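The values are calculated or read from the model by the stated rules, or taken from the named source; none is laboratory data. Keep in mind the model is a prediction, meaning the values are calculated, not measured. Using ideal geometry, Cβ is built from the backbone for each residue, glycine included, and neighbour counts are taken over all protein chains shown. The accessibility values were calculated without ligands, DNA or RNA, using every heavy atom of the protein model including side chains. Shrake-Rupley method; radii C 1.70, N 1.55, O 1.52, S 1.80 Å.
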Amino acid sequence: MHGDPATDLSGLVDAADVDALLLAVDELCARVEWDVLVDLARRCRDAVELGKQLCPVAEHIDYRLAYQAPARYAAAVLRPGAGRFALGPLTEVAASTHDWASLAPHLRDPASAGAVAQERVIRGEDLTGRAPGVPVELSLRLERWEPRYALPTYRDRSATFSHPEIAGRQLPPPAALRPAPVAPDDALRALCDVVETWTSQSSGRVEALAVEGPAEGAVGALVEEAAIVPIAPAEALALLQWAGASGGAYGRRRGGAAGRFAAWWAGAALARLDWPVQGAGTVFAAALGAGIDKLRWYRWGTAQPETGWVLRLAVADPAEGRAWALQAVDSRDEGTV
């Protein structure tokens, strides 16, 4: 920008020069001119009424404020529907670079406050007793039976989304399986809900079923040959949370907090626990930890290489003699950026 910055920005908005505006955003961030950025986002939104397609610039400014501005600016962009086309939910973006104490005094939207609190929890903050009035459904601390969840890394114009460590372990060669009789089961819906975005907003394919028999029989009812290995309950939760947080190939990312909720919800359904009306308090959290520990969890795979977004999980309940298997696969079309 040259000359009077306000005049320069007005000219760029009038010309609807998206590329130049994005470069101006980079410069304003480098110069920590947050108030100017807030005003520029407003101008870009106002210009839409004049037929100028500048909403992407305004949304990018919101993302940059959430990511790198001081907490009061970051909190101000956390509202329902914000950041629809951002690299991730703005509540997750803000929580990745700001702690709860700095954001909490500036959060005005209750739903956003609840999401931010949960995002900070999965990053290791214990908010027990520190978020009065904030609507939450899960405990405000990581339970002892929970894993270290895979977390995204946000940058100014990019993001990386890591997989749980268990997802990278090599499976043995596939072997023939004998299918068990299929038995309809309500818990299947909770498993499928984990990857709902992969099908509703993307091009994913999901198959799931319940059987009377072992986990191998459940997987065998889906495929003829597979490798199946036992994993720890915490490792299974890490996979469920990762899948629930993701939007798959094309869907909008739901965020770490939503992923943790999906993992708890599926675990409760499989363990036959009723979800508490007033949220998951300490008693329920302990019961859920004990419940998922009694189940037997498995990761499985086929001879086909795993590319894109893949979740293949099996669960067995030895006490009931019942098992479930889930296969969810999503990928980008070849050549798609």
Residue pairs within 9 Å by beta carbon, gap of at least six or interchain, first lying in segment 294-315 and at positive phi, second among the β-branched types (Val, Ile, Thr), listed first then second, are 308/329
Taking the residues in segment 194-207 that are over 19 Å from residue 87 (Cα atoms) and open to solvent by less than 30 Å² (accessible area, probe 1.4 Å) as candidates, determine which candidate is farthest from the chain's Cα centre (by Cα).
204
Test residue 126 against the criterion of being in a loop (DSSP other than H, G, I, E, B), touching a Lys or Arg at 6+ places or on another chain (Cβ under 7 Å) and touching a residue at least 40 places away in the same chain (Cβ under 8 Å), and give yes or no.
no
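Residue-by-condition table, conditions (1) under 20 Å from residue 239 (Cα atoms); (2) not in a loop (DSSP other than H, G, I, E, B):
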residue: 142; (1), (2): yes, no
residue: 145; (1), (2): yes, no
residue: 150; (1), (2): yes, no
residue: 163; (1), (2): yes, no
residue: 171; (1), (2): yes, no
residue: 179; (1), (2): no, no
residue: 192; (1), (2): yes, yes
Tell me which of these residue 87 doesn't satisfy, since it passes every other one: (1) open to solvent by 30 Å² or more (accessible area, probe 1.4 Å); (2) touching an Asp or Glu at 6+ places or on another chain (Cβ under 7 Å).
(2)
Of everything in segment 113-130, what is buried (at least 19 other Cβ atoms within 10 Å of the Cβ) and closer than 11 Å to residue 257 by Cα? Give them in sequence order.
114, 115, 116, 117, 118, 119, 120, 121, 122
Quick one: residue 160 ticks every box in (1) exposed (fewer than 15 other Cβ atoms within 10 Å of the Cβ); (2) under 22 Å from residue 293 (Cα atoms) bar one, so which box is it?
(2)
Do you know which residues across segment 212-222 are open to solvent by less than 10 Å² (accessible area, probe 1.4 Å) and either in contact with an Asp or Glu (Cβ under 9 Å, 6 or more places away or on another chain) or in a loop (DSSP other than H, G, I, E, B) (or both)?
none
With the requirement that a residue be touching a Pro at 6+ places or on another chain (Cβ under 8 Å) and not basic (Lys, Arg), what does segment 246-256 give you?
255, 256
Inter-residue pairs, beta-carbon under 6 Å, first under 14 Å from residue 249 (Cβ atoms) and in segment 193-214, second aromatic (Phe, Trp, Tyr) and open to solvent by 20 Å² or more (accessible area, probe 1.4 Å), 6+ apart:
202/250
If you go through segment 260-273 one residue at a time, do you hit one that is under 22 Å from residue 323 (Cβ atoms) and more than 24 Å from the chain's Cα centre (by Cα)?
yes
How about segment 259-270: which of its residues are under 21 Å from residue 80 (Cα atoms) and touching a helix residue (DSSP H, G or I) at 6+ places or on another chain (Cβ under 6 Å)?
259, 260, 262
Return the only residue of 35, 62 being buried (at least 20 other Cβ atoms within 10 Å of the Cβ) and within 19 Å of residue 98 (Cβ to Cβ).
62
